[in-house]
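Novice: Here it is, the structure, as structure tokens.
The values are calculated or read from the model by the stated rules, or taken from the named source; none is laboratory data. This structure is a prediction, so every number in the text was calculated from the model and none was measured. Methodologically, a virtual Cβ is constructed for each residue, glycine included, from the backbone with ideal geometry; neighbour enumeration extends over all protein chains shown. Ligands, DNA and RNA are stripped out before the accessible areas are found, and what is left, the full protein with its side chains, is counted by its heavy atoms. Shrake-Rupley method; radii C 1.70, N 1.55, O 1.52, S 1.80 Å.
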Amino acid sequence: MRRFLVTGGAGYVGSHLVRALRARGDHCTVFDNLSTGHREAVPDGVDLVEADLADQAAVNALLADGPWDGVFHFAALSLVGDSMRNPQLYRTANVSNAAGLIDACVRHGVTKLVFSSTAALFGVPERLPIAEDDRIEPGSPYGESKLMVERLLAAADRAHGLRFAALRYFNAAGADPDGALGEDHRPETHLIPLAIDAVLGRRPPLAVFGTDYPTPDGTCIRDYVHVSDLASAHLAAFDRLDAGSVTYNLGSETGHSVREVLASVARVAGRPVPHTLADRRPGDPAALVASSARIRAECGWRARFTVLDDIVATAWAWRLAHPSGYDS
Ligand code: UFG
């Protein structure tokens, strides 16, 4: 049985990865301060170390207690707008903490690390779909913070042979199809859960941020990739590390506008999404769509969820079963 440390394993994407690891018989220890993660998202049989990554003593004590087959590093702050207002938080939580984790990995002989990176490091892309080597120019401290960690990892690989996978998520969406896990951010800022709650009358009508973008219907286009597909991509990328470090863009490779997402939620729910038209949200690029050709070619990974309605249906099912998220 292999043994993995998953930082942020009580969070949205991290918890889906833990489920995927367990499904293949691996042992997981989750390291999470539960600031945005949920105790209820950590299944029985998985050790939960409730601590902050800034606590270097806790990180080092855990990694010293090896051997570990690898580390999956999710724990981070992830809101673009929040990072514009509070860049120092992102420097500490995302960069300093990751640097400490990388140092601890090197110190304690951990040789493989999979890192949650982001499409936000491309800023306003020069072309679509976005390939890994396209221009990188983060427009936010959040994107900057993830880029810095990618660079720290590259340096640790050169100096110490730490193998890493930098996985740049586009828009993580949906919920575990078996219904055990789902999206529960507090506050929630993401389009699909907000649209679902607007349909259910649990929140005000959804504000569509911007209708004058240079896109066919004037609203922003994003690449929604199912969270379970992200999880399987982590497993595929980890298995590839014996051949060297990798960087992959992870998306469904299909763009959908905000209006198309609202239409999808309406189809799944069987009623329209109450919404208003609002100004643009600062920092939102018009369109982000991934090319995941590299991970397809190198790892044989493919998104299983290729139809937006199917992704939305899993989010809808989760919300109906958990109207108050993990508190339900
Ligand atoms: N949107 C609305 N109204 C809302 C919320 C969102 O119109 O109430 C729009 C946004 O303007 C955007 C789209 O819906 O065009 C998706 O917005 P999200 O907030 O769901 O996601 P983002 O694209 O802003 O960001 C997500 C992650 C980031 C990551 C980025 C990479 O939250 O961490 O995808 O693509 F960097």
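Novice: Just the residues that are in contact (Cβ under 8 Å) with a residue 40 or more places away in the chain and touching an Asp or Glu at 6+ places or on another chain (Cβ under 9 Å), please, taken from the stretch 6-19.
Specialist: Val6, Thr7, Gly8, Gly9, Gly11, Tyr12, Gly14, Ser15, His16, Arg19 - these are the residues of the stretch 6-19 that are in contact (Cβ under 8 Å) with a residue 40 or more places away in the chain and touching an Asp or Glu at 6+ places or on another chain (Cβ under 9 Å).
Novice: Same structure again: Which ones in the stretch 54-85 are open to solvent by 50 Å² or more (accessible area, probe 1.4 Å) and over 20 Å from the mean Cα position of the chain (by Cα)?
Specialist: Ala54, Asp55, Gln56, Ala57, Ala61, Ala64, Asp65, Pro67, Asp69, Arg85 - these are the residues of the stretch 54-85 that are open to solvent by 50 Å² or more (accessible area, probe 1.4 Å) and over 20 Å from the mean Cα position of the chain (by Cα).
Novice: Still on this model: Which fully enclosed helices (runs of 4 or more DSSP H) of the stretch 32-91 have 2 or more residues being in contact with a Ser or Thr (Cβ under 6 Å, 6 or more places away or on another chain)?
Specialist: 80-85
Novice: Output the residue which, of all residues in the stretch 161-178 that are assigned to a loop (DSSP other than H, G, I, E, B) and open to solvent by 30 Å² or more (accessible area, probe 1.4 Å), is farthest from the ligand (Cβ to nearest atom).
Specialist: Checked the stretch 161-178; the qualifying residue farthest from the ligand (Cβ to nearest atom) is Gly161.
Novice: Something else: Scan the stretch 272-314 for residues that are open to solvent by 30 Å² or more (accessible area, probe 1.4 Å), part of a loop (DSSP other than H, G, I, E, B), more than 13 Å from the ligand (Cβ to nearest atom) and not small (Gly, Ala, Ser) and jot them down.
Specialist: Pro272, Arg302, Arg304, Thr306, Val307
Novice: Kindly establish whether Ala20 is at pLDDT 95 or above, part of a helix (DSSP H, G or I), more than 20 Å from the chain's Cα centre (by Cα) and assigned by TED's automatic domain parsing to the domain that holds Lys112.
Specialist: Answer is no for this residue.
Novice: Just one of the numbered conditions (1) within 24 Å of the chain's Cα centre (by Cα); (2) near the ligand (Cβ under 10 Å from one of its atoms); (3) open to solvent by less than 30 Å² (accessible area, probe 1.4 Å) is not true of Thr189; which one?
Specialist: Answer for Thr189: the failing condition is (3).
Novice: In the stretch 112-143, which residues are open to solvent by 70 Å² or more (accessible area, probe 1.4 Å) and in contact with a helix residue (DSSP H, G or I) (Cβ under 8 Å, 6 or more places away or on another chain)?
Specialist: Once the filter is applied, which keeps residues that are open to solvent by 70 Å² or more (accessible area, probe 1.4 Å) and in contact with a helix residue (DSSP H, G or I) (Cβ under 8 Å, 6 or more places away or on another chain), the stretch 112-143 yields Arg135, Glu137.
Novice: Still on this structure, I have one more. Every residue in the stretch 130-145 that is over 13 Å from Asn249 (Cβ atoms) and touching a strand residue (DSSP E or B) at 6+ places or on another chain (Cβ under 8 Å), please.
Specialist: Tyr142, Gly143
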